[in-house]
Amino acid sequence: MEQARRDRGWPWEAGHDRQIFFAVAWMAVGGVLTLVGCLLLFFLGVTVGVVTGFLPGVQATPGSEVSWRIRGFLREQRLIEKEETLIYFGSHDLSSVSEDGSLFTDRRVIRYHEDPGLESGLTVCSAEYAGIASIEPVFGSGRDATSVIRVTPKEGEAFDLLVSNEESRDRAFAQRLRETWEKAR
């Protein structure tokens, strides 16, 4: 009986310390590789989502490049009408456009953000071009900064458009907004 127990070679018995060390080491290496693999898959998924338009991204996007999902949301929330042409759009939320957005169309400038206190859930500020007194951009500096474009209506309170400076699209957004406003006045 004693001989049979010795022949089994249980890992926790004396003489098997080296086997235990290698087993634990392989488990630790496997855990680290699994974690790294999961992180790589996550970032790959986000990249594919942004490129395909499933996720909105944070940079300002010309209207012609805005996905049908985002356009559908804007129409569903009655932020833009069917007859309006979306010129530029930007959102600060990578996963969804439902919480925040700055945009302008051929008719007006619009800023919305989530407000849980309201029945609709969104606070919307907008101004038609004829009713705008001034548009003043303040460009953010540094990586991943936010530029603020202050829209001051002739009547009512001013509101800010928040635009990411990623790929310097904030400057293109502001320039195109100013051109559209000056043309419509």
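The values are calculated or read from the model by the stated rules, or taken from the named source; none is laboratory data. The structure displayed is predicted, hence computed values, not measured ones. Cβ placement follows ideal geometry from the backbone for every residue including glycine, while neighbour counts extend to all protein chains displayed.
General remarks:
- Of all residues in region 133-158, those that are out of contact with any Ser or Thr (no Cβ under 7 Å at 6 or more places or on another chain) and either outside the structural domain of Arg178 (by TED's automatic domain parsing) or under 27 Å from Lys183 (Cβ atoms) (or both) total 12.
- Leading residue by the ranking (modelled with the lowest pLDDT) among those in region 120-138 that are surrounded by 16 or more Cβ atoms within 10 Å (Cβ to Cβ) and assigned to a strand (DSSP E or B): Leu122
- Some residue of region 108-130 being farther than 23 Å from Arg78 by Cα and under 23 Å from the mean Cα position of the chain (by Cα): no
- Residues of region 104-119 satisfying the condition of being crowded, with 18+ Cβ neighbours inside 10 Å, out of contact with any Ser or Thr (no Cβ under 6 Å at 6 or more places or on another chain) and of a type in the set (A, V, I, L, M): Val109
- Test: Leu79 is in a loop (DSSP other than H, G, I, E, B), modelled with pLDDT of 85 or more, at negative phi and touching a Gly at 6+ places or on another chain (Cβ under 9 Å): yes
- Some residue of region 92-99 being more than 24 Å from Arg71 (Cβ to Cβ) and aliphatic (A, V, I, L, M): no
- Taking region 146-181 as the range and being touching a helix residue (DSSP H, G or I) at 6+ places or on another chain (Cβ under 9 Å) and either surrounded by 14 or more Cβ atoms within 10 Å (Cβ to Cβ) or outside any loop (DSSP other than H, G, I, E, B) (or both) as the test, the residues that pass are Thr146, Ser147, Ile149, Val151, Pro153, Leu161, Val163, Ser164, Asn165, Thr180, Trp181.
- Boolean, Thr152 is hydroxyl-bearing (Ser, Thr, Tyr), in contact with an Asp or Glu (Cβ under 9 Å, 6 or more places away or on another chain) and in contact (Cβ under 8 Å) with a residue 24 or more places away in the chain: no
- Single residue of region 86-119 satisfying the filter (among the charged types (D, E, K, R) and in a loop (DSSP other than H, G, I, E, B)) that is modelled with the lowest pLDDT: Asp93
- The single condition among (1) more than 20 Å from Pro62 (Cα to Cα); (2) touching a residue at least 40 places away in the same chain (Cβ under 8 Å); (3) of a type in the set (D, E, K, R) that Arg111 does not satisfy is (1).
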